[in-house]
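Q: This structure is in structure tokens; I'll ask about it shortly.
Read-outs throughout are calculated quantities, based only on the coordinates presented, and are distinct from any laboratory measurement. Note that the coordinates shown come from a computational prediction; the quantities given were computed from them, not determined experimentally. Positions of Cβ are generated from backbone atoms using ideal geometry, with glycine treated the same way; all protein chains shown enter the neighbour counts.
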Amino acid sequence: MIAFVSGGARSGKSAYGEALVRRWQQRDGARYYLATASADDGEMAARIARHRVERGSGWVTLEAPLALDTALAEVDAGSVVLLDCLTLWASRVLFGSSLDQAEATALLARTLAKARARDIDLVVVSNDLNEGMPPEDELSWRYLALLQAAHRQLAAEADVVIQVIAGLPQVWKGSLP
Amino acid sequence: MQLVIGGACAGKRELVRGWYPQARWHLLGAADAMLPASGERLVVSGWADWIEAAVERGAEDDDALRLALAERLDALLAAEAKRAAQVVLIVAEMGRGIVPMGAARRRLRDLNGWLAQDAAVRCERVWYVRHGLHRRLDTREMPIG
């Protein structure tokens with residue numbers, strides 16, 4: 001199963017994503033956390049630490065800022081994987097790689113296909129950024145276009161699409177797991 | 001008349017193209033006719049660009065601009081009925097972020113929001129597009145007053 005969970009800042013999307021992973025976790029399966037953030041500065045380090053405390057123990061963390069597909073190869077079949085948050089991955093693509101939008105969405109497609117093929121349940125968490133004022137500069141437009149291409153791709157491919165508002169999951173596709 | 005609303009790059013145009021591959025697309029303010037011909041399926045977009053250009057010209061006040069937009073909606077609705085045409089409006093959602101710093105951007109955001117409201121009350125069906133998925137909005141409850 002693939003779930004796409006998104007919402008605004010501090011909407012409770014990460015907590016919902018984590019709860020979903022716990023629900024999908026099989027008795028002898030592991031749960032993995034596919035980290036997209038890296039502690040480049042003090043604020044980021046603090047945010048990562050806060051999320052780690054909130055997740056609690058029992059997670060295997062994989063550092064995969066860019067190559068999500070290769071990271072999934074390290075995961076045992078039948079596991080559950082939380083990818084949080086896709087906006088940071090999109091930042092890595094745009095500012096820290098030479099991938100263009102087509103290559104990035106192809107990488108994401110390979111990741112989803114690999115999850116399906118290896119019976120890995122995948123929960124992808126992301127931030128909705130496209131319903132405020134449209135950007136004024138070209139770089140922000142490129143970022144938004146990339147992120148939205150990824151979001152549309154995920155929504156199309158996922159079995160479950162959830163919008164989290166104030167901690168409340170709203171179903172856009174599939175049914176509440 | 002139908003209204004399709006959604007954020008930037010949410011998939012609004014793709015959705016409408018999939019529904020009506022033969023439709024004519026009119027960008028508001030462009031040289032081709034804004035109103036549909038007899039029996040024509042017409043998609044009207046470019047509202048925010050039209051508003052932005054009007055705000056940049058700086059001539060009119062907000063009420064006058066809102067009225068000018070509403071008159072276009074009324075004209076589309078009337079032409080649709082009279083000519084057995086079908087009109088789809090595409091409007092961007094841009095009201096869910098922080099208040100913009102610039103006065104012109106705040107006006108654009110206000111006018112675009114009013115446009116969406118004014119369009120929704122005139123439309124038989126209203127759709128919300130989010131990450132390529134769409135749902136029909138409940139239009140049974142008309143605004144109070």
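Q: Please average, across the residues of A:120-130, the number of beta carbons from any other chain that are within 10 Å of each residue's own beta carbon, and give a whole number.
A: 2
Q: I'd like to compare A:24-31, A:74-81, A:43-50: which one has the highest average count of other Cβ atoms within 10 Å, and what's the full order after that?
A: So the peptides A:24-31, A:74-81, A:43-50, ranked by packing, come out A:74-81, A:24-31, A:43-50.
Q: What's the angle, to the nearest 10 degrees (0 to 90), between helix A:86-96's Cα axis and the longest principal axis of chain A?
A: With both axes taken from Cα atoms, the answer is about 50 degrees.
Q: Could you state the angle between the C-alpha long axis of helix A:138-157 and the longest principal axis of the C-alpha atoms of chain A, as a value from 0 to 90 degrees rounded to the nearest 10?
A: It is inclined by approximately 30 degrees.
Q: So for region B:35-145: antiparallel DSSP bridges make up what percent, rounded to the nearest 5?
A: 50
Q: Let me test this: with uniform point scatterers at the alpha carbons of region B:8-48, what is the Debye-based log₁₀ I(q)/I(0) at q = 0.14, 0.17, 0.29 1/Å?
A: After summing over all Cα pairs, the log10 values are -0.33, -0.48, -1.09.
Q: Starting from a Cα-only point model with no solvent, please compute log10 I(q)/I(0) by Debye for the protein assembly as shown at q = 0.10 1/Å.
A: Normalising to I(0) and taking log10 leaves -0.66.
Q: Still on this structure, please answer the following. Have a look at region A:2-173 and give its Rg and Dmax from the Cα atoms, expressed in angstrom.
A: When restricted to Cα atoms, region A:2-173 yields Rg and Dmax of 15.2, 50 Å.
Q: Considering every residue in A:132-142, what mean count of other chain Cβ atoms within 10 Å of its Cβ is obtained?
A: Going residue by residue through A:132-142 and averaging, the value is 4.
Q: Nearest 5 is fine: what % of DSSP beta bridges in the protein assembly as shown come out antiparallel, could you say?
A: 15
Q: Taking +1 at the Cβ of each Lys and Arg and -1 at the Cβ of each Asp and Glu, which of A:GLN148, A:LEU34, A:SER79 sits farthest along the dipole of region A:19-149 towards its positive end, judged by Cα position relative to the Cα centre?
A: Value computed over the given set: A:SER79.
Q: If you don't mind, another one. Could you identify which residue out of A:VAL164, A:VAL93, A:VAL60 has the top mean-square fluctuation in a GNM of chain A using Cα springs shorter than 10 Å?
A: A:VAL60
Q: Helix by helix through chain B, keep the DSSP H runs that span 18 Å or more along the axis on Cα and average at least -1.0 on Kyte-Doolittle, and give those back in order.
A: Sorted by number, the helices that extend far enough and score high enough are B:62-82, B:103-122.
Q: Now a separate question. Report the local net charge at A:ILE165: Lys and Arg +1, Asp and Glu -1, summed over other residues whose C-beta lies under 14 Å from its C-beta. Kindly include the intermediate steps, with their values, before the conclusion.
A: Values: positive: A:ARG10, A:LYS13, B:ARG96, B:ARG130; negative: A:ASP128, A:GLU131.
That sum, taken over residues with Cβ under 14 Å, equals +2.
Q: Would you mind estimating how fast region A:92-177 diffuses translationally, via Stokes-Einstein at 25 °C and 0.890 mPa s with the Kirkwood radius over Cα pairs, in µm²/s?
A: The diffusion coefficient I find is 169 µm²/s.
Q: Is there a simple number for the mean count of other chain Cβ atoms within 10 Å of the Cβ of residues in B:122-134, and what is it?
A: The shielding value for this peptide is 4.
Q: Taking only DSSP H segments of four or more residues, each worth -39500 (n - 2.57), what value at 222 nm results for the protein assembly as shown once the sum is divided by all its residues, to the nearest 500 deg cm²/dmol?
A: -14000 deg cm²/dmol
Q: Rounded to the nearest 5, what % of the DSSP beta bridges within region A:2-173 are antiparallel ones?
A: 15
Q: I've got another one for you. Could you tell me whether region B:2-136 comes out rounded, prolate or oblate from its Cα gyration tensor? Rule is a ≥ b ≥ c as square roots of the eigenvalues, rounded for a/c under 1.5, then prolate if a/b exceeds b/c, otherwise oblate.
A: oblate
Q: Under 29 Å Cα-Cα from A:LYS173, which lysines qualify once same-chain neighbours fewer than 8 residues away are excluded?
A: Of all the lysines, those that pass the test against A:LYS173 - Cα under 29 Å, at least 8 places apart if same chain - are A:LYS13, A:LYS114, B:LYS12.
Q: Let me ask another. Taking the Cα atoms of region B:73-144, what is the range of coordinates along each of the three principal axes, in descending order and whole Å?
A: Between the extreme Cα coordinates on each principal axis of region B:73-144 lie 44, 28, 27 Å.
Q: Which one of A:ALA90, A:ALA109, A:ALA73 has the biggest mean-square fluctuation once chain A is modelled by GNM with Cα springs under 10 Å?
A: Largest GNM mean-square fluctuation: A:ALA73.
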